[in-house]
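Presented below is the structure to which this report refers.
The values are calculated or read from the model by the stated rules, or taken from the named source; none is laboratory data. In this text, all values refer to a predicted model and were calculated from it rather than measured experimentally. Cβ placement follows ideal geometry from the backbone for every residue including glycine, while neighbour counts extend to all protein chains displayed. These accessible areas exclude ligands, DNA and RNA; they are computed on the full protein's heavy atoms, side chains included. Shrake-Rupley method; radii C 1.70, N 1.55, O 1.52, S 1.80 Å.
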Amino acid sequence: MRTRRTWRGRTPAPRQRMPRVRLLLDRTAALLRGRRGAWVGGGALLVVCALVAVWLFGGDDDAAAPPDARARQYQDFDACLLTDEDGIKAGTPAAAVWQGMEAASGDTRARVTHVPVMGEQTAANALPHLNGLVQRDCEVVLATGAAQTETVRKAAGDHPGVRFVVVGSAAGDVAAGNLTVVAPGAGLADEVADAVRRAVKDVPQEAKRPNS
C-alpha cells in the first residue's frame with residue numbers, strides 16, 4: 001500500500017505537462033498544413049522544439065539557488081578548553097570560560113571547542129587529553145578544574161608555541177611566558193575573551209587562513 005500511494009503521488013506532474021506539449025505540436029502541424037507553411041514551417045518548428053525542451057528539461061529552481069551568504073568563515077586558529085567530567089554545565093567555571101571563548105570567536109572568527117576529562121580527576125589522567133589538544137594544533141589551550149589546571153601548569157613550559165590559560169590562583173605557577181592565569185569570579189568570561197583575542201592577534205597573519 002505504501003508503494004502504491006507513492007506511485008500515485010508522483011504521476012500528476014508529467015500528466016500536467018503533456019496536454020500543453022500536445023497543444024503546441026497540434027498548432028504547429030496545423031500551421032505547416034496552411035498556405036504559409038512552406039516558408040514559416042522551419043522557423044516555427046525550431047521555436048516549438050525549443051519551447052518543448054525548456055518545458056521538459058528545465059532545471060529545478062532550488063538547485064540554482066545561490067549558497068547561503070550567512071555561512072560563517074573561520075580563521076585557521078583553534079582555542080580548546082579542557083574541563084572536568086561536567087563539561088560546560090551551567091553554573092560551573094567552565095561555563096563562564098566557554099562563554100568568553102564564544103564571545104572571542106564572534107569577534108575574531110577563531111574556532112572554539114571543549115573536551116572533558118572523563119574518569120579519574122587526576123593530573124595523570126588529564127595529561128593524555130592535554131597532549132591530544134596540543135597534537136591537534138590548538139593555538140590556545142584553556143583549562144578549568146583542579147586536575148586540568150595542574151597538568152597545564154606543569155606542561156606549559158614544554159610547549160612554547162602554544163598559549164595556555166588556566167582558571168585559578170597565580171600562586172605556585174611555573175615560570176612560563178606562555179601561561180596566563182585568570183581569576184574566577186564575575187569577570188571571568190570577559191578576561192577569557194580578552195586572552196583569546198590577544199592570542200589571535202599575536203598569530204602571524206600568513207598563518208590565519210580562512211576556513212568555512
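Which condition breaks for R136 when tested against (1) of a type in the set (D, E, K, R); (2) surrounded by fewer than 18 Cβ atoms within 10 Å (Cβ to Cβ); (3) in contact with a helix residue (DSSP H, G or I) (Cβ under 7 Å, 6 or more places away or on another chain)? Unmet for R136, out of (1) of a type in the set (D, E, K, R); (2) surrounded by fewer than 18 Cβ atoms within 10 Å (Cβ to Cβ); (3) in contact with a helix residue (DSSP H, G or I) (Cβ under 7 Å, 6 or more places away or on another chain): (3). If only residues of region 111-169 that are charged (D, E, K, R) and under 18 Å from D76 (Cβ atoms) are counted, the one that is nearest to the chain's Cα centre (by Cα) is R111.
Here L127 clears all of (1) open to solvent by 10 Å² or more (accessible area, probe 1.4 Å); (2) farther than 21 Å from R153 by Cβ except the condition numbered (2).
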